1. Label-point separation (nm) for A:Ser52 and B:Asn206, each offset 7 Å from Cα along Cα-to-Cβ?
2. Across the residues of B:152-158, average count of Cβ atoms on other protein chains within 10 Å?
3. Under the classification rounded if a/c is under 1.5, otherwise prolate if a/b is larger than b/c and oblate if not, where does the stretch A:365-405 fall, given a ≥ b ≥ c as square roots of the Cα gyration tensor eigenvalues?
4. Which listed residue (A:Val407, A:Ile291, A:Met377) has the Cα farthest towards the positive end of the charge dipole for chain A, taking +1 on Lys and Arg C-beta and -1 on Asp and Glu C-beta about the Cα centre?
5. Per residue and in Å³, how big is the convex hull formed by the alpha-carbon atoms of chain A?
6. Please compute the modelled spin-label separation between A:Ile365 and B:Leu292, points set 7 Å along Cα→Cβ, answer in nm with one decimal.
7. Multiply the residue gap between B:Ser103 and B:Phe278 by 0.36 nm, knock off their C-alpha separation, and tell me the result in nm, one decimal place.
8. Using only helices, what value at 222 nm comes out for chain A when you add -39,500 (n - 2.57) per DSSP H run of length 4 or more and divide by the total residues, to the nearest 500 deg cm²/dmol?
Amino acid sequence: MTSLKTHSIFLISAIFRVGLILYGEWQDAHMEVRYTDVDYLVFSDAASLMASGHSPYKRTTYRYSPLLAFLLIPNSFLSRSWGKFLFSASDLFVGLFIHIILKQRKVPEDLCTYSLLIWLFNPFTFTIGTRGNCEPIVCAILLWIVICLMNGNVLQAACWYGLIVHFRIYPIIYALPIILFLDPCFFQSGVKPLLCDWTSDQGKTPQINSEVTDQCDVWIAFKSIFTRSRILFGLVSGSVFLFFTGFFFYLYGWEFLHEALLYHLTRTDPRHNFSIYFYHIYLNYERELSILEKLISFLPQVIVQLVLVFCFAKDLLFCFFVQTVAFVAFNKVITAQYFVWFFCLLPLILPWTNMKLKWQGLCCILLWIGAQTHWLMWGYLLEFKGKNVFLQLWVASLFFLAANTFVLIMLIRHHNYSPVFRRHAGSKTTLKSE
Amino acid sequence: MAIRQCNQLCFYQKLAILWMFFSGAVSCMLVVSSSSEVEMRGPSHSQHSGARKYIVKSYFEKYENLCDSSFEDFMAHELSSSLCQVFPDNRNLDVRLSVLEHSLVGEGSHCHLSSSIKLQIEADSIPKLPAHFCEVIIIQRLPLGVFADPFELQHLHERKVFTNVAVFGDTNLELPSFRSNRSVVEVHMDAGSNIFSEQNNGLEMNIELPLHARYQPLDESGYSIVEIGEPDVLLSCSMEGKQYNQSCLFMSPNDSAKSRIGAVAWRIPSGMKAHTGFVSVVTFVTAFLSTLSIVVTSIFCSGIKVSKNMKQS
């Protein structure tokens, strides 16, 4: 009965997405305002160029791996909606992987279902794929990496990780937590690691799992950093990354390196966006920022990332989630598509929160949406009404950072810290019963 | 348990494959029912065999950046060899092109530049001419601070709004005004066939060019005024026959009509230098406070030994 419900959810989601894609085609053809994302047109153009044997970087503003253009080559000869179907399929795979991860950790069926619904029927997420944005592919690969790690398949996880970092730079922030996660206490040669199951005893305030932390704390992790799993992961993922990067550098030269990699590492956009730094960048754009100024703007990001990793690495999914929220919030450029990066992880941490929807949860949701809406209002006045509201817009971005910080703090405070793995029982190793 | 999970996974895989097949079928339906596929992007090229190439392209083959004085020289002198000769039997043929109206429609950073063009052909008698096809060419020089999106214009071309359209010069969509150069838009609009074969023929057409504002240099007033002058308008005709083996141009006889209308002014918001100091300080202080909040919360709420010792002390 419950599996029938899950199947129905997937079927309805799939039909809904197909419907949205078809509607999007109609809107593009009949209305001046397109449904399709501008980025999708960029990908399609780059794919057309690649299909004709040219560099995809001849298309201005194409700043992605050539792999993306390659995936969309069928846009040129099959249907221009091919890419949207691909991204929406990835969207469904994310839902599938969420379900698998939660099931593997013995989360009850009703919680699994709610978590699934949060992803599959989140307006942010189903519009992203159907409008032609490629983020669902990244989310699907990321969750597959988590599944591989949960099953002790370090080699496969490393291969996918190298690919995903080549495809989209931001997953590099997960490198350190994954390394810490590959703890020799759990990853032993020839033995599948044991998962910590979800339990009904989740009502208490943050538990400190002393059994895990006393034995396998950060200091010991630092001392035993060079383990087989870690070296294997580092070498394989690094090799895969270098292989793809080197191959495309051979094909497309410096243009590829600059547009697909260096641009993202050095990007400062003076145009208005959710980031608190946009107005500071615009006001100082005519002069070169000093090294000190660049460092000061980089420090909050680095400090927060390091602290979150060292505090929560063992609870890998929660660590990924808080890292991603913080990364997006402190980034120099924030666009709405970045929110998908942590939306795919939100369903995976909710079963371990003791925050109630009424009223703490609702407060967080309304505050986050409210801060965003407030920013959008000023953004609309600036961009579509031509009012000089730069200062108000910048203040709105400060509020948005404050809202992100508040939500992050609330989630941290109400999270039941739950490492993914537990130790094998005694000297007689007991394999994971599932 | 493992077998059950495996079965579930297999089912999901089948569901995914079924879904992909369904999607592929729908995609094929879209291919069959949709109009022609989008071709490679880039400046459009005329479909008509006799139409001339873009005029502005010749300018940019000679000059790197747009300069009004050199462009006016180019229009006055370089194009003279392409002007249509007076037809032997039709000395009294008078072709006049004028801009009736020139205005900015819309608000904010995205507006439409609306221009109303009048083509007036006057002749004492109907000239005897072979079949000919004409198009009106509108050349809009854009100032610094404003740009046209070539891909948006391409979309309009596909929707048959323009016969041909191209952007020359600085087509970077992202740079602010003070880091970019000027650009020029050349639009071709169909004026019809055999328009000289009717006595005293007239044609009015309206074009709306979508334009976007770049980020402006800082200004104390908080606004930057960008002026957009009138377009240059020409008529390009292609005629069949041995005597006329390529297209030729008609230009307005003088510039007096232009100065009547004048430039349109676009008021674009800009940052204010007075904000620089305190915006930077408050930005970094806010970032620092957020960082501190998250770090403190993480350390006190995480499961590491250090937090336990700190709490106990």
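The values are calculated or read from the model by the stated rules, or taken from the named source; none is laboratory data. Quick caveat, the model's predicted, so the values are computed rather than measured. Counting neighbours? That spans all protein chains shown, and the Cβs are built from the backbone with ideal geometry, glycine included. SASA here: full protein model, heavy atoms, side chains in, ligands and nucleic acids out. Shrake-Rupley method; radii C 1.70, N 1.55, O 1.52, S 1.80 Å.
1. Modelled inter-label distance: 3.5 nm.
2. Other-chain Cβ atoms within 10 Å of each residue's Cβ, averaged: 1.
3. oblate
4. A:Val407
5. Each residue corresponds to 167 Å³ of Cα convex hull volume.
6. In this crude spin-label approximation the distance works out to 3.3 nm.
7. Extra length available between B:Ser103 and B:Phe278 comes to 59.1 nm.
8. -20500 deg cm²/dmol
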